[in-house]
Amino acid sequence: MAGLNLNDDAPMDVIPEEPVKPPAAIEKLIEEAKATLIAQENGEKRSLSMVVVGHVDAGKSTMMGRLLYELGRMDEKKRVANERGSAKVGKSSFSWAWELDGTQEERERGITMDIALQTLNTPHRVITILDAPGHRDFIPNMISGASQADSALLVVDAAVGEFEAGFERGGQTREHLLLVRSLGVTQVIVAVNKLDQVEWSKSRYDEICNLLKPFLAQSGFHPTKTQFVPVAAMEGINLSQPPPAASPLHSWYKGPTLVDLLDALEPPTRDINAPLRFPISNVFKGATSGIAVSGRVCGGIIVPGERLRIVPGDESAVVKAIDSDGDSLPWAGAGSNVNVTLTGVDPISLNVGSVLCREGQTVPLVSSFTAKIIVFDIQIPITAGTSVELFHHSRDVPASISRLISVLDRSNGSVIKNKPRVLTKNMSAEVEVSLRSSTYSGPASRALPIPLEPFSVNKEMGRILIRRGGETIGAGVVLELLT
Amino acid sequence: MKLINKHIEKDGSGHVTVCPEDDEDMWHLYNLIQEGDRVRAPAIRRIQNVSTTGTVDSRRIRLHLTLAVARVTWSPSAAPGADSGAANGAAGAAPAASATVEVSGRVAEENQHVKLGAFHTLDIEANKNVRIEKDAGGWDSVALARVEESCVPGRGAEVAAIVCGEGTAIFCLLSEHMTVVLQRLEVPVPRKISNQSSAHEKGLARFYQNLYTSFLRHVPYSSPSLRAIVIASPGWVRDAVFDFIMAEASRTSNKALLTARNKFIKVHVNSPHVHSLVEALKSPEIASQMKETKFAREGLMLDKFFKMLASDEMRAWYGPDHVALAADRGAIGTLLISDELFRSSDAATRKKFVGIVEDVKQKGGEVLIFSSMHESGQQLNQLTGIAAILTFPLDVEVVEAEEREAREEEERRKAEEGEAVEAS
Ligand SMILES: Nc1nc2c(ncn2[C@@H]2O[C@H](COP(=O)(O)OP(=O)(O)OP(=O)(O)O)[C@@H](O)[C@H]2O)c(=O)[nH]1
Ligand SMILES: [Mg+2]
């Protein structure tokens with residue numbers, strides 16, 4: 001990753017195992033970290049993370065590229081390089097998006113395929129942004145990003161027909177909103193983009209806000225935590241600066257800019273006293289030595305020098321260094337999105353979906369559990385035995401809804417019906433979920449248990465999503481671990 | 001499978017002798033042989049001879065044994081390279097792995113070497129005759145249909161399928177009754193890291209290279225019985241995979257592979273997991289070409305059931321008890337039933353399901369027995385193994401209530417009769 005001491009060219013094969021710090025030193029470091037974190041909670045500059053979501057081509061990456069430039073995270077040289085490069089392949093309209101769409105295929109196709117992680121500095125916030133793909137085939141990656149965020153920016157395309165395409169059934173505007181809400185995000189900023197395409201029409205802007213508001217409320221976003229802002233990402237209107245007097249937007253919009261809204265986002269409460277949980281979302285070669293993993297600290301504090309367990313498995317690794325977007329950190333607390341360089345470990349034992357834990361406080365492994373779920377707007381009802389994909393952080397595994405336990409009242413949670421035959425749309429229910437292993441001929445896919453915790457123990461480790469046939473059919477929280 | 005001999009009495013007792021040839025035949029045998037049958041097949045047994053001088057001489061001999069079956073077990077073929085990563089993906093050729101059926105029980109016919117009642121376990125061998133004898137009622141319509149189906153000469157179409165995602169590929173071979181997972185390939189591909197993408201691209205390049213090696217090793221692309229090679233994936237991985245395979249074929253002048261070009265079918269699926277096979281096989285590209293194959297029919301039928309569940313819940317029933325009720329009322333238009341249900345060790349249970357099948361057929365309904373060796377069959381198994389599409393809507397709860405009332409009525413009547421008898 002950029003910034004992992006790229007200029008240090010120590011040979012790869014000499015990886016001295018990092019000396020493990022004595023427990024007392026670790027405890028001391030954790031205490032220091034806690035004190036600093038508490039001080040930061042009341043400080044000037046607070047940090048949080050935000051996932052950028054919305055239907056394909058809404059302008060998410062363009063907006064983020066433009067913001068990075070306006071806020072000084074992308075220099076002029078880089079901007080010119082992106083402009084030239086994209087023009088050369090006949091994709092100049094994606095010049096801003098190139099900053100985030102880094103892979104060859106993304107650039108060729110003009111489509112974001114996986115999460116890009118960047119950091120934005122606003123006057124009072126340090127915001128980790130996770131730019132998500134809008135294409136429906138890459139929702140697994142979007143989920144991986146959303147599960148690492150505490151707030152969301154929804155980008156919608158104001159152009160006639162485009163907003164509608166994203167908002168109708170099967171469009172990602174709806175699915176993304178439901179997904180981020182189900183993953184615990186409660187505050188959302190809606191950027192109504194491409195207003196240049198609709199002659200800066202106020203009535204179109206109002207129309208879109210009015211269509212979205214009821215859906216947002218219905219999906220569980222409180223109106224006070226939902227903000228709307230009119231923008232045009234390509235031209236950079238109303239992102240970090242209010243619309244200039246010459247802009248038609250100036251005549252009817254006097255509200256906050258996008259950056260004003262970002263600057264007022266509420267940072268999450270951090271559970272730094274919980275046992276350490278670090279679900280891995282990416283594994284790659286460290287720039288200098290060792291192997292690096294990225295992810296979000298979902299409880300506790302991670303410090304260099306400690307030997308951590310990798311769950312599942314019997315392996316452990318020593319934390320060599322921690323960094324965030326290139327800046328090396330003395331430690332990282334719950335809620336931070338960081339890269340962790342590990343040594344003394346065979347890369348084979350590190351997988352996306354594994355969780356780093358402290359010895360003696362490891363996360364449980366399960367292959368079946370009960371959950372309380374909300375059924376989404378589905379057409380085909382859920383039967384006992386429905387084959388699904390279970391999503392938990394950055395991992396998705398084949399599973400089945402092995403038992404329909406009861407249908408619950410959505411408002412008070414009381415049981416309406418036991419052992420229902422099917423679950424239909426918008427129901428709330430308690431179900432049993434089991435990981436699936438296939439038993440037909442050939443090497444059986446081992447249904448390896450996955451690390452999971454009840455929601456009552458660790459909220460971030462206890463949320464699940466359920467998909468079938470490329471559609472999210474339900475979301476919920478883990479109640480009880482069975483086997 | 002070759003049918004050697006068949007002799008069935010009117011009462012459903014009798015014997016059938018067949019000669020299994022491949023894995024699929026083993027699967028048929030596993031489904032045909034039930035507890036309580038007598039099976040005669042070649043076996044190997046250790047024999048001890050005590051000579052006149054008292055020395056014990058032990059040797060293994062080949063002989064034919066007839067066993068009273070106490071247990072039948074199935075082990076699917078264990079293809080090599082279960083989880084081969086970049087390191088071991090390219091090593092070694094595939095040994096011929098095959099499925100086995102193990103039959104154990106007591107020896108039921110005295111033999112010069114083995115005493116009656118001695119316990120024995122034998123592996124059914126390919127290309128050797130096996131004789132299955134059942135008691136009265138044993139050769140029911142479902143068993144006979146399977147004998148017939150399995151002995152149709154000529155192998156059915158085979159299809160190879162590769163379900164892939166970025167860094168994962170599952171190689172499968174589908175025949176009429178079974179899906180064999182040949183290999184699960186996993187090559188770690190680092191995910192994109194902001195604006196430095198070379199690690200991702202290098203990982204992908206390694207993945208395609210490994211995938212190609214596995215392809216050559218596992219997919220019998222030049223075999224005439226291989227009808228199609230399906231590449232299924234979300235996103236655009238399938239295009240990249242296909243292009244890579246074809247580019248390598250040209251580069252290495254692999255004529256056979258180049259001529260197989262038109263066997264390839266690229267299909268979009270929603271997930272890179274093996275259960276996407278069902279989705280791939282019911283896609284229009286494939287269903288139109290292979291609608292007569294068992295796996296395509298199973299996939300389409302399961303789909304039809306779920307669609308009915310969505311449009312008219314009262315016409316889509318599942319679960320043994322509910323389906324039996326629907327059958328009683330002559331409401332079943334299409335019955336979906338898994339072969340697993342007929343393998344019950346309890347004869348009465350099997351009889352019940354055979355009864356439902358016969359009943360539905362007799363009333364003009366359609367019956368499809370799913371193979372548990374296909375993903376569609378596995379999904380039906382999860383759904384209790386039995387489901388039905390009804391010809392007219394019926395409310396499960398109303399029917400259950402009616403049944404309950406009828407039962408109570410019956411009991412009341414019996415009780416009254418009982419009182420009447422006592423009183424008289
Ligand atoms: N006219 C106009 N076009 C815009 C604006 N913002 C973005 N676009 C164009 O919309 C297209 C898609 O932009 P992206 O930034 O790639 O959209 P995205 O939401 O990141 O797309 P995915 O990540 O693939 O879902 C590009 O051609 C942009 O130039 C805008 O404000 N006005
Ligand atoms: Mg994008």
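The values are calculated or read from the model by the stated rules, or taken from the named source; none is laboratory data. These numbers come from a predicted model, not from an experiment. No Cβ is skipped: glycine too gets one built from the backbone with ideal geometry, and neighbour counts run over all protein chains shown. Calculation scope for accessible area: heavy atoms of the full protein, side chains included, ligands and nucleic acids excluded. Shrake-Rupley method; radii C 1.70, N 1.55, O 1.52, S 1.80 Å.
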note = Checked the stretch A:180-224 for anything within 21 Å of A:ALA159 (Cα to Cα), outside any loop (DSSP other than H, G, I, E, B) and small (Gly, Ala, Ser); matches are A:ALA191, A:SER203
message = Given the criteria within 13 Å of another protein chain (Cβ to nearest Cβ) and free of Cβ contacts under 8 Å to residues at least 24 places away in the same chain, does A:ILE378 qualify?
response = no
ask   = A:LYS425: within 11 Å of another protein chain (Cβ to nearest Cβ), in a strand (DSSP E or B) and open to solvent by 50 Å² or more (accessible area, probe 1.4 Å), yes or no?
value = no
request  = Starting from residues that are among the acidic types (Asp, Glu) and outside any strand (DSSP E or B), keep the ones in the stretch A:146-168 and report whichever is nearest to ligand 1 (Cβ to nearest atom).
outcome  = A:GLU162
message = Which residue is nearest to A:ILE143 (Cα to Cα), if the candidates are limited to the stretch A:56-79 and must be more than 7 Å from ligand 1 (Cβ to nearest atom) and open to solvent by less than 40 Å² (accessible area, probe 1.4 Å)?
response = A:MET64
Qualifying positions in the stretch A:108-117 - within 11 Å of ligand 2 (Cβ to nearest atom) and either assigned to a loop (DSSP other than H, G, I, E, B) or charged (D, E, K, R) (or both) = A:ARG109, A:GLY110, A:ILE111, A:THR112, A:MET113, A:ASP114, A:ILE115
task = Scan the stretch A:118-148 for residues that are open to solvent by 30 Å² or more (accessible area, probe 1.4 Å) and within 14 Å of ligand 2 (Cβ to nearest atom) and report the count.
result = 3
key: Neighbours by Cβ (under 6 Å, 6+ apart or cross-chain): first from the stretch A:85-97, of a type in the set (A, V, I, L, M, F, W, C); second near ligand 1 (Cβ under 8 Å from one of its atoms)   = A:PHE94/A:GLY110; A:TRP96/A:THR62; A:TRP96/A:GLY65; A:ALA97/A:SER61; A:ALA97/A:THR62; A:ALA97/A:GLY65
query = Before we move on, is A:ARG46 more than 14 Å from ligand 2 (Cβ to nearest atom), open to solvent by 60 Å² or more (accessible area, probe 1.4 Å) and either under 30 Å from A:ARG270 (Cα atoms) or of a type in the set (A, V, I, L, M) (or both)?
reply = no
message = Checking B:GLN362 against (1) in contact (Cβ under 8 Å) with a residue 40 or more places away in the chain; (2) exposed (fewer than 13 other Cβ atoms within 10 Å of the Cβ), only one condition comes out false. Which one?
response = (1)
message = Of everything in the stretch A:96-132, what is among the small types (Gly, Ala, Ser) and within 25 Å of A:ASP260 (Cα to Cα)? Give them in sequence order.
response = A:ALA97, A:ALA116, A:ALA132
ask   = Counting only residues that are assigned to a loop (DSSP other than H, G, I, E, B) and within 11 Å of chain B (Cβ to nearest Cβ), which one in the stretch A:381-399 is surrounded by the most Cβ atoms within 10 Å (Cβ to Cβ)?
value = A:SER394
query = Restricting attention to the stretch A:120-145, and to residues there that are touching a helix residue (DSSP H, G or I) at 6+ places or on another chain (Cβ under 9 Å) and part of a strand (DSSP E or B), which single residue is farthest from ligand 1 (Cβ to nearest atom)?
reply = A:ARG125
Evaluation of B:GLU408 against (1) touching a residue at least 24 places away in the same chain (Cβ under 8 Å); (2) open to solvent by 80 Å² or more (accessible area, probe 1.4 Å); (3) farther than 14 Å from B:LEU302 by Cβ (one fails), failing number = (1)
key: Matching residues in the stretch B:207-225 - criterion: being buried (at least 19 other Cβ atoms within 10 Å of the Cβ) and aliphatic (A, V, I, L, M)   = B:LEU211, B:VAL219
inquiry  = Given the options B:GLU186, B:GLU201, name the one that is within 13 Å of another protein chain (Cβ to nearest Cβ) and closer than 15 Å to A:GLU105 by Cβ.
reply    = B:GLU201
message = For the stretch A:80-98, give me each residue that is within 10 Å of ligand 1 (Cβ to nearest atom) and either part of a helix (DSSP H, G or I) or over 28 Å from the mean Cα position of the chain (by Cα) (or both).
response = A:SER86, A:SER92, A:SER93, A:PHE94, A:ALA97, A:TRP98
ask   = Before we move on, is B:LYS255 without any contact (Cβ under 8 Å) to a residue 40 or more places away in the chain and of a type outside the set (Gly, Ala, Ser)?
value = yes
Of the criteria (1) within 13 Å of chain B (Cβ to nearest Cβ); (2) open to solvent by 10 Å² or more (accessible area, probe 1.4 Å); (3) in contact (Cβ under 8 Å) with a residue 40 or more places away in the chain, which one A:GLY286 fails = (2)
ask   = For the stretch B:1-25, what are the residues that are open to solvent by less than 10 Å² (accessible area, probe 1.4 Å) and either outside the structural domain of B:ASP140 (by the TED database) or aliphatic (A, V, I, L, M) (or both)?
value = B:VAL16, B:VAL18
note = B:SER311 vs (1) at the interface with chain A (Cβ under 10 Å from one of its Cβ atoms); (2) open to solvent by less than 60 Å² (accessible area, probe 1.4 Å): all pass except (2)
key: Qualifying residue in the stretch B:226-236 (condition: more than 28 Å from the chain's Cα centre (by Cα) and open to solvent by less than 40 Å² (accessible area, probe 1.4 Å))   = yes
message = Please pick out the residue among A:GLY326, A:GLY360 that is free of Cβ contacts under 8 Å to residues at least 24 places away in the same chain and surrounded by fewer than 23 Cβ atoms within 10 Å (Cβ to Cβ).
response = A:GLY360
task = Would you check if there is a residue in the stretch A:94-106 being hydroxyl-bearing (Ser, Thr, Tyr) and either more than 10 Å from chain B (Cβ to nearest Cβ) or away from ligand 2 (no atom under 15 Å from the Cβ) (or both)?
result = yes
request  = Name every residue in the stretch B:249-294 that is surrounded by 20 or more Cβ atoms within 10 Å (Cβ to Cβ), more than 14 Å from chain A (Cβ to nearest Cβ) and more than 16 Å from B:ALA160 (Cα to Cα), in order of residue number.
outcome  = B:ALA249
ask   = Right, A:ASP314: within 14 Å of another protein chain (Cβ to nearest Cβ) and open to solvent by 20 Å² or more (accessible area, probe 1.4 Å) or not?
value = no
message = Criterion first (closer than 30 Å to A:VAL297 by Cα and either away from ligand 2 (no atom under 11 Å from the Cβ) or within 14 Å of chain B (Cβ to nearest Cβ) (or both)) does A:ARG73 satisfy it?
response = yes
ask   = Within the stretch B:345-424, which helices (runs of 4 or more DSSP H) (wholly inside it) include 2 or more residues that are within 14 Å of chain A (Cβ to nearest Cβ)?
value = B:375-382, B:396-423
message = Looking for something touching a residue at least 60 places away in the same chain (Cβ under 8 Å) and within 13 Å of another protein chain (Cβ to nearest Cβ) - is there at least one such residue anywhere in the stretch A:400-422?
response = yes
